[in-house]
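> Below is the structure I would like to discuss, written out as structure tokens.
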Amino acid sequence: MSFLHNYIYYIGAFGLIFIGLFIMIAKRNYIKVIIGLSILETGVNLFLIAVGYISNGTAPIFSKAGIEAENMVDPVPQALVLTAIVIGLAVLGLVLSLAIRLYKHYGTLNLQEIKEQRW
Amino acid sequence: MRKIIGIILLIIIAWGIITSLQEMPFGTSRAKVADHYINKGREETGAANIVTSVVVGYRSLDTLGEVTVLFLAAIGLGAVLATIKRKEDRDTEKASLILSTGCRFLFPPILLFGAYIFIHGHLTPGGGFQGGAIIASAFVLMYLGCHEEKKINETGSIISESLGGLVFVVIGLIGLTIGTRYFLNNFLPKGEFNTLLSAGIIPIIYIAIGFKVGAELSKIIDLLMEES
């Protein structure tokens, strides 16, 4: 039980990462692959935040006078994730535009039917 | 067959991760660099939000690179979609009166909220990227809900995007000439801690980032909406 209590955030984050990876490997529809990419990215962000967490910690903001610096969580992963979310959004837009191009060119989004994409 | 290969691959990766995670305790200690940021960040950058002082203070060069990545993604999206022939006539159903009025009513408060988020980036949770995303969400609402065909002003979008990037780089270059002389040096006075006019160049850079990100994301939305 204590194992579950200690590692529940890691388990959740890696669960999302594995779900996303499995979707990207197994699914044939390009839109579903993009959804898998998005889920994977969320899992990675959750994992980075969980690495920086401290038990009973507060957000790293000195908004009031009585906030102790000792209890603050690690600000570096939070800054990383802040930038990663925005980059993820831009990459999602780029991938969706490629999906539009693919559909206009081949008339299908099934990767099995597109000859160059088969594996 | 693909599913079996995928499951075998995932089991191998999961085994590697489980064995390495047991060496890594949860929620106990910070890195040394984080201790420095938290203990010295208030004096060195003047920002109350330590995440902001990392993003725009200590690591602002990386933020400049990240803004460039976002810009490149927007350019790539434009280049991929530019060669497709535009659709002229779409038979779309017009939005109802309640929806279009509500969207026209909500559009200015959402813009104002986005501006609030990026102006107060050094004091509260938030900043240029989040504020820019909120501004882009206002444009999503306008595209989806408004009655008549409205489009974003292309010149305005280009001007605010270029101006945002230019302000960021020019402030960084001014830092080369003043004081300790390094790129993106925080040369302005720090001001009183935890007030709006504090933390030197950080609010200015975050406002520039907010304009740039908001213009870029609304441009991406505009391109994607035209094609669908």
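> Out of the trypsin sites (Lys or Arg not before Pro) in the range A:20-119, which ones are loop residues according to DSSP with at most 15 other C-beta atoms within 10 Å?
On the way: sites: A:Lys27, A:Arg28, A:Lys32, A:Lys64, A:Arg101, A:Lys104, A:Lys115, A:Arg118; in loops: A:Lys27, A:Arg28, A:Lys64, A:Arg118.
Passing sites in the range A:20-119 are A:Arg28, A:Lys64, A:Arg118.
> Related question: Can you put A:Thr58, B:Thr52 in order of Cβ neighbours within 10 angstrom, beginning with the fewest?
Values: A:Thr58 14, B:Thr52 31.
Taking fewest neighbouring Cβ atoms as first place, the list is A:Thr58, B:Thr52.
> Sort out the exposed loop GluC sites (Glu not before Pro) in chain B (DSSP loop, at most 13 other Cβ within 10 Å) and tell me the longest stretch that has none. All intermediate terms of the calculation are to be shown ahead of the outcome.
Working: sites that count: B:Glu23, B:Glu88, B:Glu93, B:Glu148, B:Glu149, B:Glu192.
The reported range is B:24-87.
> Okay, next question. With the calculation restricted to Cα positions, what are the radius of gyration and Dmax of the range B:91-161 in angstrom?
14.0, 47
> Tell me which of B:Phe113, B:Thr19, B:Val55 sits at the most positive position along the dipole axis of the range B:2-227, charges placed on C-beta atoms (Lys, Arg +1; Asp, Glu -1).
So the residue we want is B:Thr19.
> Answer with one residue from B:Leu173, B:Val213, B:Phe187: the one whose Cα lies farthest towards the positive end of the charge dipole of the range B:160-228, charges on Cβ with Lys, Arg +1 and Asp, Glu -1.
Of B:Leu173, B:Val213, B:Phe187, it is B:Phe187.
> So what is the calculated 222 nm ellipticity per residue for the protein assembly as shown, using -39500 (n - 2.57) for each DSSP H run with n of 4 or more, over all residues, to the nearest 500 deg cm²/dmol?
Details: 10 runs with 227 residues, N = 347.
After summing the helix terms and dividing by residue count, I get -23000 deg cm²/dmol.
> So which chymotrypsin sites (Phe, Trp or Tyr not before Pro) in the range B:156-228 are both in a DSSP loop and have at most 11 other Cβ atoms within 10 Å of their Cβ? Walk me through the numbers before you get to the answer.
Working: sites: B:Phe168, B:Tyr182, B:Phe183, B:Phe187, B:Phe193, B:Tyr206, B:Phe211; in loops: B:Tyr182, B:Phe183, B:Phe187, B:Phe193.
For chymotrypsin sites (Phe, Trp or Tyr not before Pro) across the range B:156-228 that sit outside H, G, I, E and B with at most 11 neighbouring Cβ atoms in 10 Å, the list reads B:Tyr182.
> Given R₀ = 25 Å, FRET efficiency for A:Glu113-B:Ile5 by Cβ-Cβ distance, to 0.05?
On the way: r = 20 Å, r/R0 = 0.80.
Result of the calculation: an efficiency of 0.80.
> Once you average over the residues of B:40-53, how many Cβ atoms of partner chains fall within 10 Å of each Cβ?
Working: counts 1, 4, 2, 0, 0, 0, 0, 2, 6, 6, 12, 12, 5, 3.
Mean shielding by partner chains, rounded to a whole number: 4.
> For chain B, give the magnitude of the charge dipole about the Cα centre (Cβ charges: +1 Lys/Arg, -1 Asp/Glu; no others), in debye to the nearest 20. The partial results should precede the final answer.
Details: 19 positive and 19 negative charges, 74 e Å.
For this selection, approximately 360 debye.
> I'm checking a number: the convex hull volume of the Cα atoms of the protein assembly as shown, normalised per residue, in Å³. What is it?
Working: hull volume 64.2 nm³, N = 347.
Once divided by residue count, the hull of the protein assembly as shown is 185 Å³.
> Relative to the compact-globule scaling 2.2 N^0.38 Å, provide the ratio for the alpha-carbon radius of gyration of chain B.
Details: Rg = 22.3 Å, N = 228, 2.2 N^0.38 = 17.3 Å.
My calculation over the Cα atoms of chain B gives 1.29.
> OK, next. Can you count the Lys pairs in the range B:2-227 whose Cα atoms are under 17 Å apart, with each pair 8 or more apart or on different chains?
Values: B:Lys32/B:Lys40; B:Lys40/B:Lys190; B:Lys87/B:Lys150; B:Lys87/B:Lys151; B:Lys94/B:Lys150; B:Lys94/B:Lys151; B:Lys150/B:Lys219; B:Lys151/B:Lys219.
The result is 8.
> Relative to the first principal axis of the alpha-carbon coordinates of chain A, what is the inclination of helix A:2-26, with its axis defined by its Cα atoms, in degrees from 0 to 90 and to the nearest 10?
20 degrees
> Below 8 Å between Cα atoms, with a sequence gap of 6+, how large is the relative contact order for the range B:2-227 in percent? Each step should come with its number before you reach the end.
Values: 270 pairs, mean separation 59.4, N = 226.
Computed over the range B:2-227, the figure is 26 percent.
> Binning at 5 angstrom from zero up to the longest distance, how are the C-alpha pair distances of chain A distributed in percent?
Going out from 0 Å in 5 Å bins, chain A shows 2, 10, 14, 16, 15, 12, 10, 7, 5, 4, 2, 1, 0 percent.
> Tell me the GluC sites (Glu not before Pro) within the range A:1-91 that lie in a loop according to DSSP and have at most 12 other beta-carbon atoms within 10 Å.
Working: sites: A:Glu41, A:Glu68, A:Glu70; in loops: A:Glu68, A:Glu70.
Those satisfying the criteria are A:Glu68, A:Glu70.
> For peptide A:59-69, compute the average count of partner chain beta-carbon atoms within 10 Å of each residue's beta-carbon. All intermediate terms of the calculation are to be shown ahead of the outcome.
Details: counts 4, 12, 11, 10, 6, 2, 1, 0, 1, 0, 7.
For peptide A:59-69, the averaged partner shielding equals 5.
> Here is a follow-up. Please build a GNM for chain B, connecting alpha carbons under 10 Å apart, and tell me which residue among B:Val55, B:Val170, B:Val213 fluctuates the most.
B:Val170
Only the coordinates and a few stated rules stand behind these numbers; no lab work does. Computed from a predicted structure; not experimentally measured. Note: ideal-geometry Cβ built from the backbone for every residue, glycine included; neighbour counts use all protein chains shown.
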